[in-house]
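Data first, discussion second: the structure below is written as structure tokens.
The values are calculated or read from the model by the stated rules, or taken from the named source; none is laboratory data. All of these numbers come straight from a predicted model, not from anything done at the bench. Methodologically, a virtual Cβ is constructed for each residue, glycine included, from the backbone with ideal geometry; neighbour enumeration extends over all protein chains shown.
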Amino acid sequence: MKQSLLQFTTLLFFLFFTIDIGPAIGDDSVQFEGLIEPFEMVDVGSPVEGIVARVNVQRSNSVKKGEPLVLLESSVENAIVERARVLAAVEGELKLQKERLAFAGRMHTRVRELFNSEAISAEKNDEAETEVTLARARLQKAKENRALARLDLQRARAMLNQRTIKSPISGIVVERFVAPGEFVVNQPLLRVAQMDPLRVEIILPAEMFRKIKPGMLADVRPETDPDGSYRSTVAIVDRVIDPASGTFSVRLELPNPDYRLPSGLKCTVQFLDETETASPTKISRILEGDKITKVSELEPLLTTVVQ
């Protein structure tokens, strides 16, 4: 009993002398300003130069990942693909070499029978064997040429596919930089913003560095809808504090599946408190000198000690 009273007195001592007066997580009056931004902003370019034949989207259009956005003029590439397709499908040379090999094999069989009966010289037998060997080599070369033709077809199709510029992400077209008929080389064609999820960038004071961790929940209230609250999750906590301002950056991920929220809005962010149950380990840490971040944290601890 005396030990419990001693621990209770020690807790009261730390309540008055080691309490942290910084911003408290979960306090409704403590909010931080932030900025809602697209999760990703991509300037879509072309791996090849050429003339724009067609632009399939306009500004503010929704696009899906892999959707064709811009088509470049590709008549030459289409002709190359067609030629490669025909060459890859040619069977004449392969059939010819198969027939030559079969004929050389039959001739060699007959010559060998005559050689065995000593009707012809060994030289004739060697010529027949050599012809079979050459026929096999020609057939193998025909097969290799056909394999190369198929590779050329794949290469031609890859070059043709480069003339179709596809969206690398799902999102909204923010800006269109080109029009049909323009020549493009080393320049962006479109700007696409990923709107689901959104990201919320906030700047926090250094004393909150150990209080904010990835995975924490927060409520985001946009400036256009102060009464609306959107649940978000802490994604990134910068590990470097700016010495000039004594602040660090935090990024939240805000789900936006229906594109209800636009980007570019200012907002307020309130971090949600995570209920932590009392435990002997927690009590011992506080007794050893850990700071108490909020008065409500003592309630379960005091209850545990009294019990």
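Observations
- Options Asp219, Asp258; residue that is among the charged types (D, E, K, R) and not in a strand (DSSP E or B): Asp258
- Exactly one residue among Leu94, Leu160 is modelled with pLDDT under 90, of a type in the set (A, V, I, L, M, F, W, C) and under 30 Å from Val81 (Cα atoms), and that residue is Leu94.
- Residues of the range 34-50 that are closer than 30 Å to Gln270 by Cβ and of a type outside the set (A, V, I, L, M): Gly34, Glu37, Pro38, Phe39, Glu40.
- The single condition from (1) free of Cβ contacts under 8 Å to residues at least 12 places away in the same chain; (2) more than 30 Å from Ala102 (Cβ to Cβ) that Ala137 fails is (2).
- You will find that of Val200, Val269, Val250, Val173, the residue that is in the same structural domain as Arg54 (by TED's automatic domain parsing) and in a strand (DSSP E or B) is Val173 and no other.
- Residues satisfying the stated conditions in the range 230-248, i.e. surrounded by 14 or more Cβ atoms within 10 Å (Cβ to Cβ) and under 16 Å from Leu217 (Cα atoms): Tyr230, Ser232, Thr233, Val234, Ala235, Val237
- Test: residue in the range 93-101 that is surrounded by 13 or more Cβ atoms within 10 Å (Cβ to Cβ), touching a strand residue (DSSP E or B) at 6+ places or on another chain (Cβ under 8 Å) and polar (S, T, N, Q): no
- Filter pass, Ala158 being part of a helix (DSSP H, G or I), of a type in the set (A, V, I, L, M, F, W, C) and more than 26 Å from the chain's Cα centre (by Cα): no
- Complete set of residues in the range 27-65 that are among the hydroxyl-bearing types (Ser, Thr, Tyr) and surrounded by 15 or more Cβ atoms within 10 Å (Cβ to Cβ): Ser46
Listed here are the residues, each with its yes/no results for (1) more than 30 Å from Lys64 (Cβ to Cβ); (2) at pLDDT below 90.
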position	(1), (2)
Asp238	yes, no
Ser245	yes, no
Phe248	yes, no
Glu253	no, no
Leu272	yes, yes
Thr275	yes, yes
Ile283	yes, yes
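- Qualifying residue in the range 177-188 (condition: in a loop (DSSP other than H, G, I, E, B), touching a Phe, Trp or Tyr at 6+ places or on another chain (Cβ under 9 Å) and touching a residue at least 24 places away in the same chain (Cβ under 8 Å)): yes
- The range 33-73, residues that are part of a loop (DSSP other than H, G, I, E, B) and out of contact with any Ser or Thr (no Cβ under 8 Å at 6 or more places or on another chain): Gly45, Ser46, Pro47, Val48, Glu49, Asn56, Val57, Gln58, Arg59, Ser60, Asn61, Glu73
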